[in-house]
Amino acid sequence: MLSHSSFAPPRGLHGPDASRRGLSHGNRITGLRRIAKAGVIPVEIQQKYYNKWISGSLDLFGTDHSGSAQWAYAWGIKGRVDEDKAGDGADKEHLNERARGQFHEEVSATVARVNEVKLERDEVLRFPEMSFNRKIADYGGERYSVDGRKLTRKEWVPMLPRCCRPLPTKRD
């Protein structure tokens, strides 16, 4: 996104930074595939970390309908990942949502590549739904399961670590 910035310092970093990022991304996929193929770490444990890190990464794109993202785009500091290919005008109201959706597609493809190796008991790793474990944006503060189902308080509390469970109330 910064390669399309009108601000020279981030735009100038794009070439070397992008090639390093691409190489690093390839190494991560290879590493994840090796872990899955070795079968030493149970799929349930791998899935736990996928759920944590993927869902946490979705919040890094910022809030939905972000005024800051709109100004950064209008001032030329921020662009869209595919700015040079996108023929349509930018939907400034949804810049962060668009970037988050592109990340979702990219990581979904990564999870699919990891699943290509034979996992124990033919289990597959799954990509958590966009609503799971979100702290900001449209889903922030809501309780959703990994598969995107909205949870009641009664379903949600037992999933919390013991240290984080609220004290029982008369409603419980």
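The values are calculated or read from the model by the stated rules, or taken from the named source; none is laboratory data. On a predicted model such as this, the values are computed, not experimentally measured, just so you know. Don't worry about glycine lacking a Cβ; one is built from the backbone with ideal geometry, like all the others, and counts go over all protein chains shown. Surface accessibility is based on the protein's heavy atoms, side chains included, excluding ligands, DNA and RNA. Shrake-Rupley method; radii C 1.70, N 1.55, O 1.52, S 1.80 Å.
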Quiz item: Taking the Cα-to-Cβ direction at Ile29 and at Val117 and moving 7 Å from each Cα, how far apart do the two end points lie in nm?
Solution: 1.4 nm
Quiz prompt | Cβ-placed point charges (K, R +1; D, E -1), dipole of the stretch 21-102 about Cα centre in debye, nearest 20 | solution = 620 debye
Quiz item: Residue by residue, what Karplus-based ³J(HN,Hα) values in Hz, rounded to whole numbers, does the stretch 150-167 have, using 6.51, -1.76 and 1.60 with θ = phi - 60° and x for Gly and Pro?
Solution: 6, 9, 7, 4, 5, 6, 7, 4, x, 7, 6, x, 3, 5, 9, 6, x, 5
Quiz prompt | Selection from Ala90, Gln102, Ile54, by position along the positive dipole direction of the stretch 54-141 (Cβ) | solution = Ile54
Exercise. Would you list which lysines come within 16 Å of Lys154, measuring only between C-alpha atoms, while excluding same-chain residues fewer than 8 positions from it?
Key: Lys170
Practice problem: Give a quick list of trypsin sites (Lys or Arg not before Pro) in the stretch 132-172 that DSSP marks as loop, anything other than H, G, I, E or B, with at most 16 other Cβ atoms within 10 Å. | Solution: Lys135, Arg149, Lys170, Arg171
Self-check item: Partner lysines for Lys118 [C-alpha distance under 21 Å; skip if fewer than 8 residues away on the same chain]
Solution: Lys37, Lys48
Exercise. Keeping all protein chains in place, calculate the accessible area per residue for the stretch 50-172 (probe 1.4 angstrom), answer in Å².
Key: 65 Å²
Quiz prompt | ³J(HN,Hα), Karplus 6.51/-1.76/1.60, whole Hz, each residue of the stretch 83-95, x for Gly, Pro | solution = 3, 6, 9, 6, x, 7, x, 6, 7, 4, 5, 10, 4
Quiz item: Long-range amide H contacts for Tyr144: which residues qualify at under 5 Å (H placed 1.01 Å from N, peptide plane, sequence gap of 5 or more or a different chain)?
Solution: Asn133, Leu151
Exercise. Evaluate the distance, in nm, between pseudo-label points positioned 7 Å from the Cα of Ile136 and of Asp88 along their respective Cα→Cβ axes.
Key: 2.4 nm
